[in-house]
């Protein structure tokens, strides 16, 4: 389709599809025909061959998954080892 400075290609059904909106000064969005200043951008999705994990949430997701039984889906916490959360830090509050 078009090129921006000879580097990026705007192919349909790709990550730089002009139907998703444009950031180029000389092109218009193919969905709403607005400029880069007026186009709000449009939602879309890309089908990937392999799963991609969010790196920032990976440790939290693994922590939650380790608390659930793989076979039955029940929580792996026991009532005996559970303690009430502490209120505040350091010294105990006066009553």
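Contact annotation: residue pairs with Cβ atoms under 9 Å, 6 or more positions apart or on different chains, pairing a residue in the range 45-73 that is under 23 Å from residue 17 (Cα atoms) with a partner that is at pLDDT below 85, are 46/13; 46/14; 46/15. Scanning the range 16-61 for residues that are part of a helix (DSSP H, G or I) and loosely packed, with under 11 Cβ neighbours inside 10 Å turns up 55, 56, 57, 58, 59, 60. Of all residues in the range 23-39, those that are under 18 Å from residue 12 (Cα atoms) have Cβ atoms under 7 Å from Cβ atoms of residues that are not in a loop (DSSP other than H, G, I, E, B), 6 or more apart or on another chain, in 24/4; 27/18; 29/18; 30/18; 30/19; 31/19.
When 95, 19 are checked against the criterion of being out of contact with any helix residue (DSSP H, G or I) (no Cβ under 8 Å at 6 or more places or on another chain) and modelled with pLDDT under 80, 95 stands alone in meeting it.
The values are calculated or read from the model by the stated rules, or taken from the named source; none is laboratory data. Here the structure is a predicted model, which is why all the values come from computation and not from measurement. Positions of Cβ are generated from backbone atoms using ideal geometry, with glycine treated the same way; all protein chains shown enter the neighbour counts.
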